[in-house]
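Before any comments, here is the structure.
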Amino acid sequence: MDPFRLLGPELERVDRAVAARLAKLELDPAAAGALSHARGKRLRARLLLHSTQAFLAEIPEAAIRLAAAVEIVHLASLIHDDIVDSAGMRRGRPSARSLLGDDAALALGDLVFSAGLELACRTRPSEAGLLLVEAVRQMCTGELLQVQRRGDLSLSQQVYLKIVASKTGALMKAACEMGGMVGGGGEAEARALAEFGLAFGTAYQIFDDCSDLDNSQRGKQTGQDLSRGEVTLPLILWLSGDATERNSVELVRLACESEEARAEVVRLVSGSKSLEKAMQRCLEEFNRALSRLGGLGSDRAAHGLRALAGHYAEKIVARLAKMTVHAEELDSCGRPGRAVSVGGRAVEEGGGRWPT
């Protein structure tokens, strides 16, 4: 089942709520145009609404408003991300910074942040707004830490995971908690949803980071993190053990500015065990998320959340299977397949700094 076919009517209501709230900002045509973009997966809204569905058959208006608030906050974070990353495009369209300039885009992002937080704080239960405020604080903390550690090739897995949990996991955690709160879940259910959201968000970001260094995906641009000096889990693993080239650190330094060096690093990491190890860690996090759904009671209650996490876990298993097949083709001795687990079910699968 495709989880992105669920919640069609409810997401249309969310989209209308987002549009209505942004319209109240009374932006000039240039700024308003900078906010129009191709719709994404609305993953955070889905997490919130599915969390509400774990307790209520009908999704109330409060959940729609909070889902809109979460999406508005996410939109604001993308505007700021594009400024920090000097990105000219967002989802195939010119970014706000490319249309307005960095200064105006920064002010626009701040304004959009305030709109999302206000919408949440004006929606009952009022505690939901505080959850979103705390998520934004953590997101900003994670972004600051990531920027400060750009180009740091000594970055540890522990610090990387702290950045990921703050930048991506915090908002997904809050979305799940807010959805459960509207649905009327108790303390135990709220804790289960929070743990699910954090693990899901962490896994989702690792998955995205792995994709950036995976050259097997046709039509997808790779090496973008390298160009920004961002050190991600596959790169950390490669530099800490799987890199056999003597000049690997120097090559990664050059990748910040050289397209040729970026392509070579992507090729080396993609062909090493590091990418596979990072994807295995990603799969562990998705499985961790799935395991937390037992705290919600019946499988029916967690149907939507389970479908989302299972969707990404299955994609990772498929990629790991291709990696195994490719390795066996290169290895004349062959290697036996290994069993990986998706939600408890076994599935067979074949030191320096960048220049500033």
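The values are calculated or read from the model by the stated rules, or taken from the named source; none is laboratory data. The structure displayed is predicted, hence computed values, not measured ones. Counting neighbours? That spans all protein chains shown, and the Cβs are built from the backbone with ideal geometry, glycine included.
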Report summary line: Considering segment 208-230, residues that are of a type in the set (Asp, Glu) and out of contact with any Lys or Arg (no Cβ under 8 Å at 6 or more places or on another chain), and then whichever is nearest to Lys277 (Cα to Cα), we arrive at Asp209
Query raised in the report: Which condition breaks for Ser272 when tested against (1) over 30 Å from Leu193 (Cβ atoms); (2) surrounded by fewer than 18 Cβ atoms within 10 Å (Cβ to Cβ); (3) of a type in the set (S, T, N, Q)?
Result: (2)
Query raised in the report: Given the structure, is Val325 out of contact with any helix residue (DSSP H, G or I) (no Cβ under 7 Å at 6 or more places or on another chain), outside any loop (DSSP other than H, G, I, E, B), modelled with pLDDT of 95 or more and of a type outside the set (Lys, Arg)?
Result: no
Query raised in the report: Pairs under 8 Å by beta carbon, first residue on the phi < 0 side of the Ramachandran plot in segment 235-246, partner acidic (Asp, Glu) and at pLDDT 80 or above, six or more apart or different chains?
Result: Leu235/Asp225
Requested in this report: Output the residue which, of all residues in segment 104-139 that are in a helix (DSSP H, G or I) and among the charged types (D, E, K, R), is nearest to Ala68 (Cα to Cα).
Outcome: Glu118
Requested in this report: Determine which member of the set Gly185, Gly223 is more than 14 Å from the chain's Cα centre (by Cα) and crowded, with 23+ Cβ neighbours inside 10 Å.
Outcome: Gly185
Query raised in the report: Of everything in segment 295-318 that's of a type outside the set (A, V, I, L, M) and modelled with pLDDT of 90 or more, which residue is farthest from Ser211 (Cα to Cα)?
Result: His303
Report summary line: The number of residues in segment 7-21 that are assigned to a helix (DSSP H, G or I) and either touching a helix residue (DSSP H, G or I) at 6+ places or on another chain (Cβ under 6 Å) or of a type in the set (S, T, N, Q) (or both) is 6
Query raised in the report: Which residues, counting only those in segment 77-100, are of a type in the set (Gly, Ala, Ser) and over 18 Å from Ala115 (Cβ atoms)?
Result: Ser86, Ala87, Gly88, Gly92, Ser95, Ser98
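The rows are residues; the columns are (1) touching a His at 6+ places or on another chain (Cβ under 9 Å); (2) over 25 Å from Ile59 (Cβ atoms).
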| residue | (1), (2) |
| --- | --- |
| Leu7 | yes, no |
| Glu12 | no, no |
| Ala20 | no, no |
| Lys24 | no, no |
| Asp28 | no, yes |
| Gly40 | yes, no |
| Ala45 | yes, no |
